[in-house]
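Notes follow once the structure below has been shown.
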Amino acid sequence: MRLNTTRRALLGTSLASALLPGSGAWAQAYPSRPVRLVVPFPPGGPVDLAARIVAQALSVELNASVVVENRAGAGGVVGTDAVAKAAPDGYTLGFSSTGAVAVNVTLVPNNPYDSRKDFAPVSVVAGVPTLLCVHPSIPVRSVSELIALAKSKPGELNFGSSGPGGTPHLSGERFKLRTGVNIAHVPYRGAAPAVTALLAQEVEMTFLDLPVLLPHVQEGRLRALAVTSPARFSGLPDVPTFAEAGVEGMEIENWYAILAPAGTAADRVGRLHAATASAFAKPEVARQFTSQGARLIVSRPDEALTFIRAEVERWGDVVRTAGVKVD
């Protein structure tokens with residue numbers, strides 16, 4: 001399922017919803033104190049970086065402090081569950097991604113939250129492609145060369161990810177299925193540790209969100225081989241898509257969403273959505289995302305809920321088909 005919306009249309013819809021009769025006074029009074037934006041991953045990763053852009057922009061729009069709080073653990077379960085169980089007053093929000101919101105529902109045994117009913121989504125805000133990178137010491141300069149190397153050394157090459165069940169991990173598993181290579185998965189506790197491991201040559205390659213790898217590729221510390229987007233990223237014009245590199249079925253996007261706990265009043269969700277749409281309508285905010293390869297979305301709350309429910313089913317099918325499990 002793909003969300004396609006325009007910021008102008010959403011801004012009008014959001015402002016209208018925030019000013020519904022009987023809700024205006026509450027919407028204008030909120031927020032009267034700082035808002036926490038919980039990120040269920042460590043600092044320095046792509047979700048954290050995006051959350052800090054959003055927090056700064058929302059602080060301006062809401063005229064109140066929006067403070068990022070990192071609550072990492074268990075592949076995003078700890079922080080996401082904290083949001084699900086928070087008071088539904090609009091002062092605790094989550095900023096999370098595909099893995100924690102959609103994948104974990106199926107992947108994690110006895111997952112403590114169900115994203116289909118435990119959140120009142122404010123908006124899905126962006127979609128981000130995954131980048132396949134290798135350390136420059138690895139003697140490959142294309143996907144076909146990497147496949148050949150992996151097939152010559154079955155089981156000897158490793159790929160790092162930001163943790164089990166996330167989009168980067170599933171991108172690697174998808175790559176294995178599509179190419180028939182035997183490479184081992186090495187999960188790390190977040191994207192930043194996975195990048196550090198690749199730079200230190202603990203693993204030969206990684207699949208991670210484009211923004212966190214981009215500066216290392218641009219500075220020559222890592223070599224990018226392919227991107228999961230349907231078109232090349234303008235910031236890396238020489239890096240092909242997987243389809244161009246000869247591997248079909250690798251169009252994968254990690255999306256980011258702002259979530260409130262289920263039961264949060266509709267006018268507060270509307271106020272938050274109006275602020276989000278207004279922020280993303282500003283070129284300087286949008287540019288911070290698009291310059292990193294992200295596709296802006298900014299969906300309405302009802303669209304976001306429908307999308308998340310569909311994504312839970314979609315990634316549940318992937319997890320079951322690929323036999324992905326967490327240790």
(message) Could you go through the range 13-29 and let me know if any residue there is modelled with pLDDT of 85 or more and either surrounded by 15 or more Cβ atoms within 10 Å (Cβ to Cβ) or more than 12 Å from S278 (Cα to Cα) (or both).
(response) yes
(message) Please go through (1) among the hydroxyl-bearing types (S, T, Y); (2) part of a helix (DSSP H, G or I); (3) farther than 20 Å from P46 by Cα for S137 and return the number of the only condition it doesn't satisfy.
(response) (2)
(message) Against the conditions (1) surrounded by fewer than 21 Cβ atoms within 10 Å (Cβ to Cβ); (2) over 30 Å from A86 (Cα atoms); (3) touching a strand residue (DSSP E or B) at 6+ places or on another chain (Cβ under 6 Å), where does T206 fall short? Just the number, please.
(response) (1)
(request) Considering only residues that are crowded, with 20+ Cβ neighbours inside 10 Å and within 17 Å of P168 (Cα to Cα), look in the range 224-246 and name the one that is modelled with the lowest pLDDT. (result) S229
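Conditions (1) in contact with a helix residue (DSSP H, G or I) (Cβ under 8 Å, 6 or more places away or on another chain); (2) modelled with pLDDT of 95 or more, marked per residue:
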site: G127; (1), (2): no, no
site: L131; (1), (2): yes, yes
site: V143; (1), (2): no, yes
site: K151; (1), (2): no, yes
site: G160; (1), (2): yes, yes
site: L177; (1), (2): yes, no
site: V181; (1), (2): yes, yes
site: P193; (1), (2): no, no
site: P211; (1), (2): yes, no
(request) Would you check if there is a residue in the range 282-298 being without any contact (Cβ under 8 Å) to a residue 60 or more places away in the chain and small (G, A, S)? (result) yes
(request) Taking the options E244, E173, E251, E202, name whichever one is closer than 30 Å to T276 by Cβ and either part of a loop (DSSP other than H, G, I, E, B) or touching a residue at least 24 places away in the same chain (Cβ under 8 Å) (or both). (result) E251
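The values are calculated or read from the model by the stated rules, or taken from the named source; none is laboratory data. Here the structure is a predicted model, which means the values were calculated and not measured. Cβ atoms come from the backbone with ideal geometry, glycine included; neighbour counts cover every protein chain shown.
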